[in-house]
Amino acid sequence: MERECPSHIGKYRNIRFLDEGGMGAVYLAKDPVLDRMVVIKQLKFGRSATNAKDRFKRELSIMNKLTSEHIVRSFEFMEEADERTGRKKDYFVLEYVDGMSLNKLLSKDKHIPLNVLMIIFRDTCLGLSVAHFHNIIHRDIKPANILISRKTVVKLADFGIAGLELEESEEDKKDAYKDDPSIYGGVGMTLSGSTVGTLSYMAPEQMDPSEKVTKRADIYAMGITLYEMIYGRKPYVFQGTLKAQLALLKKMKCVKPPKSNGREKIPLKIRHMIRKMTMVNPKRRYSSISKITKISNSYIKAFDNHDVRVQLAISLVHHPKDEYGYEVIPPKNRIPKIAALSALAIAALVGLFSFAWKQGIFHKTILRHWYTPVTINLSMPETKSVKADLPARVFFYYNDNDSIPDVPGSQRDFIPSKNQKDKSGSTIVSIKPVYLKHGDYRIKIAAGPSVWWKDLRIDHDAVSLDLDYLKAEKRKIKISLSAVDDETGEDISNICSCKIQTDEGLKDLWTINPNTLKTGDVYKLYIKSEEYQDEYFSLLIDWYQDELYINARMKKIEAKIGDEK
């Protein structure tokens with residue numbers, strides 16, 4: 001006999017009875033304003049629960065802020081008078097999910113592949129993670145509260161309902177607890193103010209009113225749910241009382257999943273995840289649902305998610321009493337990816353090996369018996385010019401006293417050492433060590449205009465050469481001068497003279513002994529002419545610069561008024 005339904009509940013019309021739960025009737029209705037189907041749940045608040053309704057409204061306000069496609073949306077809370085009795089009743093309006101709950105899917109299909117189950121589980125975790133981010137604990141996670149739409153969108157339902165202090169009749173208890181054995185002779189959903197949840201999935205700390213319930217209780221329930229999804233049964237049989245059940249859990253310490261569910265092997269990482277999620281001690285469980293989501297993703301990514309969801313979608317529209325035969329979706333072809341990763345790893349190893357070889361890491365460790373380090377420190381006159389870039393290099397050759405071939409990869413540039421100056425002010429430059437096999441060698445050092453050769457014998461002892469042959473290097477300077485008119489560009493060198501500043505004052509450059517002009521000093525020169533303004537040059541001549549060219553552009557002296565008369 002079809003149950004009589006109210007003609008309307010508030011603005012909602014086309015009321016159709018769906019189910020009867022521990023809290024009251026559940027209806028399907030239509031929102032005429034937004035033209036959509038909704039679910040309306042009747043709530044029965046206990047007579048002594050003076051604050052329960054206000055608390056529920058606050059929780060509803062929080063839930064309305066959760067924006068996730070994996071959480072069933074809550075629309076509003078209503079108080080409406082009953083059409084027959086006139087007594088006010090409380091209703092909760094929710095999003096309607098056109099599909100089926102996970103527990104009905106598990107009852108219909110006994111052989112659901114693991115990849116399908118893991119996608120459902122992962123999506124549920126995504127919804128729960130949003131709630132946990134807002135510090136909302138579900139408290140009653142189970143397959144009946146996981147809904148799957150025909151488009152395979154997984155949604156977590158009934159947030160906060162288990163936490164309410166509700167009034168229940170004996171008939172309600174029979175309907176609510178009829179599925180599994182429990183302390184009430186049924187599934188054991190307790191609705192007292194202190195112990196809340198469904199016993200089959202309840203964390204141990206939820207059974208003890210003195211314990212604080214945290215997000216880890218939801219993680220425990222998710223672990224029990226996943227176990228049931230994979231193995232088709234709950235991990236243990238209840239003992240008849242909360243006390244006995246709690247003692248059993250503490251004795252077991254955690255759920256221990258089998259290696260196979262009879263259809264396929266269960267990967268170790270999935271079994272380990274279930275063990276850790278269902279630890280009796282909350283502190284030993286995962287600290288957040290996000291870690292569980294990452295592990296689930298690592299398994300799911302091996303499959304084509306679209307093909308897996310297609311199989312799930314077909315099952316959802318299949319006859320609700322007939323089991324659907326899922327097609328086997330094999331893992332993706334990982335050979336190209338593995339080959340690419342292997343090639344990348346080999347390239348990285350080759351690069352790392354090459355770098356280590358060039359840096360001498362192998363030579364000074366495992367090859368030290370056969371290779372000897374050679375370092376050279378060179379004292380050079382101080383380079384005074386700003387940003388002077390003086391090339392200074394060393395070259396190594398095999399000394400066969402014939403063709404003198406070079407040692408491959410041995411050329412080195414001199415670079416300033418940590419102690420860049422010695423006591424005399426000379427600049428010290430060094431090379432990165434060169435590792436040579438035992439034998440006879442020649443080295444060539446080219447620094448600026450100077451080249452220096454040395455024979456060298458290498459044995460087991462490290463070689464460090466400190467060279468200072470350039471330390472006091474000075475060179476004669478050759479100076480070439482020219483001058484042009486600033487306006488015409490005409491060469492006027494023949495009417496110009498050059499003066500140089502000396503300790504005795506200005507002297508004509510050509511009267512100075514050329515041998516006294518040396519590199520490494522600063523020279524001040526004046527280009528003079530009776531008809532032109534003086535041009536002044538102050539020049540720093542570094543130790544390796546031995547030719548100086550000066551081209552002066554001379555400006556005529558302006559005639560004063562009256563001078564032309």
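The values are calculated or read from the model by the stated rules, or taken from the named source; none is laboratory data. From a predicted model like this one, the values you see are computed outputs, not experimental measurements. All Cβ positions, glycine included, derive from the backbone under ideal geometry; neighbour counts span all protein chains shown. We work out accessible area using only protein heavy atoms, side chains counted, and drop any ligands, DNA or RNA first. Shrake-Rupley method; radii C 1.70, N 1.55, O 1.52, S 1.80 Å.
Considering only residues that are under 10 Å from V394 (Cα atoms), open to solvent by 10 Å² or more (accessible area, probe 1.4 Å) and part of a strand (DSSP E or B), which ones fall in segment 431-452? The answer is K444, A446, V451, W452.
Restricting to segment 300-323, and then to whatever is farther than 15 Å from S149 by Cβ and among the charged types (D, E, K, R), can you tell me which residue is most open to solvent (accessible area, probe 1.4 Å)? Only one residue fits best here, namely K321.
If the condition is being open to solvent by less than 10 Å² (accessible area, probe 1.4 Å), closer than 17 Å to S149 by Cβ and assigned to a helix (DSSP H, G or I), then segment 105-116 contributes L105, V116. Mind checking whether some residue in segment 324-332 is aromatic (F, W, Y) and surrounded by fewer than 11 Cβ atoms within 10 Å (Cβ to Cβ)? The answer is no; no qualifying residue exists.
Of the residues in segment 72-92, none is touching a helix residue (DSSP H, G or I) at 6+ places or on another chain (Cβ under 8 Å) and under 30 Å from P257 (Cβ atoms). Pairs are defined by a Cβ separation below 8 Å, a sequence spacing of at least 6 or placement on different chains, a first member in segment 291-309 that is in contact (Cβ under 8 Å) with a residue 60 or more places away in the chain and assigned to a helix (DSSP H, G or I), and a second member that is among the basic types (K, R) and open to solvent by 60 Å² or more (accessible area, probe 1.4 Å); the pairs so defined are Y299/K269. Scanning segment 474-508 for residues that are surrounded by fewer than 15 Cβ atoms within 10 Å (Cβ to Cβ), assigned to a loop (DSSP other than H, G, I, E, B) and at pLDDT below 90 yields a count of 3. Restricting attention to segment 99-108, the residues that are touching a residue at least 60 places away in the same chain (Cβ under 8 Å) and over 10 Å from G232 (Cα atoms) total 6.
Return a yes/no flag: does segment 265-285 have any residue that is modelled with pLDDT of 95 or more, closer than 24 Å to T152 by Cβ, part of a helix (DSSP H, G or I) and in contact with a His (Cβ under 9 Å, 6 or more places away or on another chain). Checked segment 265-285: no residue is modelled with pLDDT of 95 or more, closer than 24 Å to T152 by Cβ, part of a helix (DSSP H, G or I) and in contact with a His (Cβ under 9 Å, 6 or more places away or on another chain). Scanning segment 80-96 for residues that are open to solvent by 60 Å² or more (accessible area, probe 1.4 Å), of a type in the set (D, E, K, R) and in a loop (DSSP other than H, G, I, E, B) gives E83, R84, R87. Within segment 32-43, if we keep just the residues that are surrounded by fewer than 18 Cβ atoms within 10 Å (Cβ to Cβ) and in contact (Cβ under 8 Å) with a residue 60 or more places away in the chain, the residue that is nearest to A157 (Cα to Cα) turns out to be M37.
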